[in-house]
Each structure stands twice: as C-alpha cells, then as structure tokens.
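Report on one structure; see the data block that follows.
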Amino acid sequence: MQRLQFFLSESPWEAEQVNDRRLELLREQSATAPHDGGVIVIDDSGDRKDGTATAHVGRQWLGRLGKTDKGIVTMTTAWTDGRVYDPLHATPYTPAHHFTRSRSDPAFRTKPQLAAALAARGKETGFGCRAVVADCACSVSDDWYLALREAGLSYVVALKPHNGVWAPADQPHTPIEATQALAWRDVRRPGDWTPVERHFRDGHTETWSAADARLGGYGLDSPCRLIVATTDPAILPEKATWYLATDLPHPDAAHAATGPHPPADLTEIVRLYGLRPWIEQSYKQVKDELGWADFQVRSDRAIRRHQTLVNCAFSFCWDQWFTPPEPLDATAPDPCPHEGPKRGPSPTPPAPTALLAQGLTRHPFLAHPRRHPQPLVASLDGHRPTRRTPSPDRRGHHRTRY
C-alpha cells in the first residue's frame, strides 16, 4: 500500500504524457480510431469525499447522488459513435472557496469553461467529431458557446424545458411553450412534426417525432436552432422528450451552404444527442468497477494520476474486447484432471512446467486473460436492464483500496 501511495504521489512520472500515449494508441487501432461521424460527450463525475486537506473537495451538486454534498466533481470528455467509448481527458473542478478571491480570481474556471476547454483539447489531439454533445448544465453558459465557436466545434446541447428567454408578450417564452405551439393532430396528420426512426444497439428501433420550433432567437434561419424530439407530441412525456439547441444548420436554411458546419436534418440531430445517454448506461458503470472513486490520496497530482490510470484500464478493456481469440494449444497440460485427489499422505508436488496456465481452465467462470471464450465475452454484452449503480459507500466494498 505504501508503494502504491508513493507511486501516485511522489514517483517521477507525468500523467499527461501517459494519457497522450494512450490516445495515440487508440487512434492507431482501427477498432477505436475516431471518425467524423462520432461525437465528443461532455460529462461530469461527482464523487463524495470528505475532509479539508484533499484538493478540489467542496460542498457542491453531485449528480451521482442526486443532491448537494461534500465531494469532488471531475469534468470529463469521451469520444463515441455508439459502438466504442474512448475516454479523452479529465480535469477536477476546483470550487471557488479554494481561491483567494473566490469566483473573481483570474485562475477560477467554471464547469462549462472547463468542459469547453476539454472538448477543444480533444479536437487538437486528433479526435474529430460531428458535434460536441452535453446536457443542460452547459447550456446556461455563454462562455461555453463562445469557446466552442472559437475552437471550430459544433454542438448539440439540451435545454431546460422551462428556462425562459426574452420574447414579445404574444410569443412563446420557454422551450415547452414553443413546442406546444407546434401543430399536431395524429400520426397520419403530423402537422409540424417529422417521424424519426431511432436505431438501438440491441437491434430494435423506435419511431420518435421531431420538429424545429421557434423561440426568441432560435429558428430555421437563425445561427441556432431549437429541436424538439419526443415519443408522443400529444402529451410530451417528461422522461422521453428532448429540447435541444444546435448550431448545425437546417439543410434548407439560407446559410446552410456558407456556414462553418455541414447541415444536419432532424434525424441526424436526434442521432447525435442519442449517443449521450449511453454515458449513463455503460460508461459510468465501467469506470466505477475500475475504481474511479476508490482513491485515498489528497494532492491534485495524485488524483489526476489515479484518474489517468483508470482511463488506461478502460482502454485496456476495449483492447481485450477487440482482440480476436488465439487458437488454443492442444498440447497444454490439463490443469484440472478428471481423477480426484488420492487418499493418504500428500504426494510430492510435481516440478513446475515451463509455462503455467496454458489455454483455458475447466471451470466455465475462469478464462485465460488473452483468450476469452466467445460465450463468456458475449454474456458481458447482454442487453439486460442495467442494475442500479451502487452507492459510493458500497462501491469497492470487496476491493482493496489505497
């Protein structure tokens, strides 16, 4: 434990260099290489941490717990196309009370500012994308939009349905009011709505409805569009309705041919934002199992190093998943012979072989780390309902912590 503590806190190695090398390897592999059809997803990871001597700890909103508590929030980016997730960069958010002049300190950065800087850094690293996708936490920051524009990145970001904007008294003032103003009768007479077919990883499809709405400065001919996507335009269910803002122009817009980004229809917008929810369904769960929050270090450098190592482990998992199984060695000795142990005194143990644990064991729940049997690996990709994420107090309960 002391050696591991020293490795994270004192040993001479740079986390940024390790992370840059990891991203270089991801770009070189055809299975994990980025392409322009993917997205960079912005996410924050809030983990409960106590104490006063640990860097970045403060009382703040922790989305994982769904409440305000004492902990560390880390802004992260990941490139994904729905098939593979490449963790890109991570930086802990430092609350204002850590700075001498609080929020007016020149070194202070808000979470949206950190997120925009990470997205731009991902592009500079070679992970091009169709758009940057984020939830409504980033949509309230003008600095976020400006930073993405300067970096030449487009965006698809969620809006709060009741977040008001300035508009004439006789016009809608919130995204939900603008949606309610759209014409809709039924499926055969959709009015302003367009059917959009969504494809899911398990093979099934769903038909949603999407439309361009007008609200304040949002519109078809404006630099920013308001897109609404839902499973039922009649009732607009809260859990299945998206209110999205994007600077990707409409194909029929006057500035579509001269804008900095290629146009995108409603199907494309829904597809891009549909990649973000997978962060909640698989990405976070894998990070938790790899020990993202299971650290007991205090310095900023040690925390960043721990997060870098977790991202390395995440990438190793993809490397194993895409590695084709090697042929089994038929000449390898059977480590579990059929005959049971003989009665009486224990015989002299045999001399060790030149290579231990060749091939697979006889037990179905054990496998050679480089030769995963397909049935076992396929079971990891089953499409069963995701189990509830364990609380921070239960995560790592049976795992050695440092």
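The values are calculated or read from the model by the stated rules, or taken from the named source; none is laboratory data. Please read these numbers as outputs of a predicted model, since none were measured by experiment. Every residue, glycine as well, gets a Cβ built from its backbone with ideal geometry; the counts of neighbours run over all protein chains shown. We work out accessible area using only protein heavy atoms, side chains counted, and drop any ligands, DNA or RNA first. Shrake-Rupley method; radii C 1.70, N 1.55, O 1.52, S 1.80 Å.
Some notes on this structure:
- Placing a label point 7 Å from the Cα of Asp265 along the Cα-to-Cβ direction, the residues of the stretch 190-216 whose backbone N falls under 12 Å of that point are 194-197.
- Cα gyration tensor of the stretch 227-303 - equivalent ellipsoid semi-axes, whole Å, descending: 37, 20, 10
- Treating r as the C-beta distance of Gln285 and Thr207 and R0 as 25 Å, the FRET efficiency rounds to 0.30.
- Extending 7 Å from Cα along the Cβ direction at Glu14 and again at Val140 yields two label points whose distance is 3.7 nm.
- Our estimate of slack between Gln320 and Asp50, defined as 0.36 nm per intervening residue step minus the Cα-Cα distance, is 93.6 nm.
- Ordering of 166-175, 17-26 by burial proxy (mean other Cβ atoms within 10 Å per residue, highest first): 17-26, 166-175
- Using every pair of distinct Cα positions in the stretch 106-179, the Kirkwood expression returns a hydrodynamic radius of 13.7 angstrom.
- Packing around the peptides 183-192, 30-39, 244-253, 205-214, taken as the average count of other Cβ atoms within 10 Å per residue, puts them in this order, highest first: 244-253, 205-214, 30-39, 183-192.
- Computed with a 1.4 Å probe on the full set of protein chains, the accessible area for Arg201 sits at about 100 Å².
- Bins of 10 Å, starting at 0 and running to the largest distance - Cα pair percent for the stretch 4-79: 16, 29, 32, 21, 2
- Accessible surface ranking that places the most exposed of Arg48, Arg298 first, with a 1.4 angstrom probe: Arg298, Arg48
- For the stretch 175-189 versus the stretch 262-280, the spacing of their alpha-carbon centroids is 21 Å.
- Rounded to the nearest 0.05, the FRET efficiency derived from the C-beta distance between Glu238 and Ala96 at R0 = 41 Å is 0.80.
- Accessible area in square angstrom per residue, the stretch 183-316, 1.4 angstrom probe: 48
- The stretch 1-135 - percent of accessible surface contributed by carbon and sulfur, probe 1.4 Å: 50
- Per-pair calculated FRET efficiency, R0 = 25 Å: Asp36 and Arg188 via Cβ, rounded to 0.05: 0.10
- For the stretch 229-273: relative contact order, % (alpha-carbon pairs under 8 angstrom, 6 or more apart): 26
- For His89, the residues 5 or more places off, or on other chains, whose built amide H falls under 5 Å of its own are Thr77.
- For the stretch 85-166, relative contact order (Cα pairs under 8 Å, six or more residues apart, normalised by length) works out to 26 percent.
- Taking amide H positions as modeled 1.01 Å from N, with prolines and chain starts lacking one, the residues under 5 Å from Gly46 and 5 or more places away or on another chain are Gly63, Arg64, Thr74.
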